[in-house]
1. Per the Debye formula with a single identical scatterer at each Cα and no solvent contribution, what log10 I(q)/I(0) holds for the chain at q = 0.08, 0.13 Å⁻¹?
2. Straight-line reach from Lys312: which aspartates and glutamates have Cα under 14 Å away, leaving out those fewer than 8 places along the same chain?
3. Quick check: Cα centre of the stretch 207-238 to Cα centre of the stretch 61-92, how many Å?
4. Label points 7 Å out from Cα along the Cβ direction at Lys66 and Ser155: separation in nm?
5. So for the pair Ser2, Leu57, with labels modelled 7 Å out along Cα→Cβ, what separation do we get in nm?
6. Sort 193-206, 127-140 by packing, meaning the average of other beta carbons within 10 Å per residue, with the highest value first.
7. Binning every alpha carbon pair distance of the stretch 103-171 at 5 Å from zero, what are the percents per bin?
8. With the radius of gyration and the Kirkwood radius both derived from the Cα set of the stretch 177-219, what is their ratio Rg to Rh?
Amino acid sequence: MSALLEVRGLSTVYDAPEGPIRAVDGVDLTVGRGEILGVVGESGSGKTTLVMSLMRLVKPPGKILKGGEMLLDGEDLFGLPRSKMPARRGRDLALIPQSAMHALNPVIPVDKQVAEAITVHRKVNSKDALLAARERLVEVGIPAERHSAYPHELSGGMRQRCVIAMAVANEPKLVIADEPVSGLDVVVQARILRLIAELKESRGLSMILVSHDLSTVARVCDRIAVMYAGRIVETGEARTLFKSPLHPYTRALVAAIPQVQGPKQALRAIPGDPPDLSQLPPGCDFQPRCPSAFADCETVDPSLEEVEPGRKAACLLYHKNERRQLDE
Ligand SMILES: Nc1ncnc2c1ncn2[C@@H]1O[C@H](COP(=O)(O)OP(=O)(O)O)[C@@H](O)[C@H]1O
Ligand code: SF4
Ligand SMILES: [Mg+2]
């Protein structure tokens with residue numbers, strides 16, 4: 001069976017005074033049916049631009065470059081006239097944006113907001129829409145007595161549950177969530193992630209879950225794509241990637257996760273700063289920060305290639321054709 005989502009050669013640039021910023025640079029992605037793909041990378045690696053590109057919500061000075069493809073259930077959404085996209089958003093593709101507060105209208109009770117999301121895309125009367133909305137709210141763990149609350153009367157976790165209810169209200173083919181748990185405390189984060197895992201089980205939810213935190217995505221995702229400087233630098237099955245990362249950047253992300261068990265150790269930050277996307281170095285983008293870098297990394301730009309079945313990495317250490325002997 002074909003993948004639910006296939007993205008090929010997606011590039012998005014921002015025109016800036018200092019030159020074009022390639023925030024998303026030739027990204028290929030696939031999401032299977034009923035699969036959660038995690039996209040992880042430091043702040044500034046292009047995650048939100050990727051999300052907005054997939055929703056076709058990039059605004060000037062940003063633009064999606066021609067030549068990319070985004071097949072959802074076999075249909076190329078990038079090939080559709082722009083005017084057709086609003087009908088797709090919310091129905092085929094649903095967004096959980098970076099801030100739950102921005103997704104909610106402060107002056108409308110939450111059950112009415114979910115009901116509105118339903119009536120926009122379906123021919124149902126307002127009474128039935130409200131009943132369906134309340135069912136969705138119960139499903140995401142909002143008790144009946146809070147259904148007619150305004151967003152400011154709810155906790156951050158409850159608001160995020162409402163946004164999730166709205167996202168799944170029309171049974172979209174794919175939900176794209178941008179940092180859905182950042183800004184919440186760790187206990188609430190864990191509960192929201194559990195809710196996402198439950199929805200995957202109960203509804204066969206397909207999702208792209210974006211986060212700067214590898215431990216967040218590792219908990220609920222089936223597969224992970226690691227993003228650095230606008231590119232995917234490693235992909236693989238979540239547990240395998242987490243247990244034995246290949247790319248030096250993924251290794252650094254894993255090493256930066258604080259250990260709850262075992263001896264206490266200082267939190268290791270990834271050395272160096274995320275790159276300036278308008279002035280990327282020649283060769284490998286990660287080279288200035290890479291502890292494993294060798295001479296060729298300064299000139300050869302590694303592509304994302306299969307290293308073993310189901311695992312890809314964009315690193316010369318693993319490339320059979322480009323591989324060079326390390327100077328010991
Ligand atoms: N509206 C914008 N105008 C110009 N540059 C932008 C804009 N939005 C994002 N960028 C650039 O794109 C890069 C990636 O940003 P973003 O997609 O928000 O990354 P992330 O979500 O991973 O933090 C940023 O480093 C920034 O330089
Ligand atoms: S190609 Fe070289 S610099 Fe880039 S990640 Fe691999 S070892 Fe490091
Ligand atoms: Mg972001």
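The values are calculated or read from the model by the stated rules, or taken from the named source; none is laboratory data. Keep in mind that what you see is a predicted model, and the values were worked out from it rather than measured. Glycine gets a Cβ as well: all are built from the backbone with ideal geometry, and neighbour counts include every protein chain shown. Just the protein is used for accessible areas: all its heavy atoms, side chains included, with ligands, DNA and RNA removed. Shrake-Rupley method; radii C 1.70, N 1.55, O 1.52, S 1.80 Å.
1. At q = 0.08, 0.13 Å⁻¹ the computed log10 ratios are -0.39, -1.00.
2. Candidates past the 8-residue exclusion: Asp28, Glu234, Glu237.
3. Spelled out, the Cα-based centre of one part sits 23 Å from the other.
4. With each label placed 7 Å out from Cα toward Cβ, I get 5.2 nm.
5. 2.6 nm
6. 127-140, 193-206
7. Taking all Cα pairs of the stretch 103-171, the binned fractions are 3, 21, 35, 26, 12, 3, 0 percent.
8. Using Cα coordinates only, the ratio equals 0.94.
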